[in-house]
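The values are calculated or read from the model by the stated rules, or taken from the named source; none is laboratory data. Just so it is clear, the structure is predicted and the values come from calculations on it, not from any experiment. Counting neighbours? That spans all protein chains shown, and the Cβs are built from the backbone with ideal geometry, glycine included.
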Amino acid sequence: MGYLLGLDIGTTTIKAGLYNPQTGQLEHQSSHPTPIEHPTPQLSQHDPEILWQAICRCLKEIGNEQKIDAL
C-alpha cells in the first residue's frame, strides 16, 4: 500500500502528514515549532541545520506511528 507524505515548513510551525490515498484518510500527523533565531531584535533567521533537525523529528514521529522503517 502506498502513502503520500506532505511537509509544510511554515514561519511558525513545521507540519508533516501521512495520507492514505486508498482510504482517503490522513493516517498520522506531527508538528513542531519552526526554530527561529533572533540575533538582534530586528532580525530573524533560520539555521539550516536546526531547521533540518526539526523536520527530521516530524518525519520520525510519523514513521514511528506508522512503523515505517524508510522514514
Practice prompt. Taking Lys15 as meeting all but one of (1) out of contact with any Leu (no Cβ under 8 Å at 6 or more places or on another chain); (2) at pLDDT 95 or above, write down the number of the exception.
Written response: (1)
Fill in: Within segment 1-37, tally of residues that are in contact with a Ser or Thr (Cβ under 8 Å, 6 or more places away or on another chain), free of Cβ contacts under 8 Å to residues at least 40 places away in the same chain and in a strand (DSSP E or B)
5
Item to complete: Please give the number of the condition Arg57 fails out of (1) surrounded by 12 or more Cβ atoms within 10 Å (Cβ to Cβ); (2) in contact with a Leu (Cβ under 9 Å, 6 or more places away or on another chain); (3) closer than 17 Å to Gly10 by Cβ.
Response: (2)
Discussion item. Would you confirm whether or not segment 27-48 contains a residue that is of a type outside the set (Gly, Ala, Ser), closer than 16 Å to Glu65 by Cβ and loosely packed, with under 11 Cβ neighbours inside 10 Å?
Written reply: no
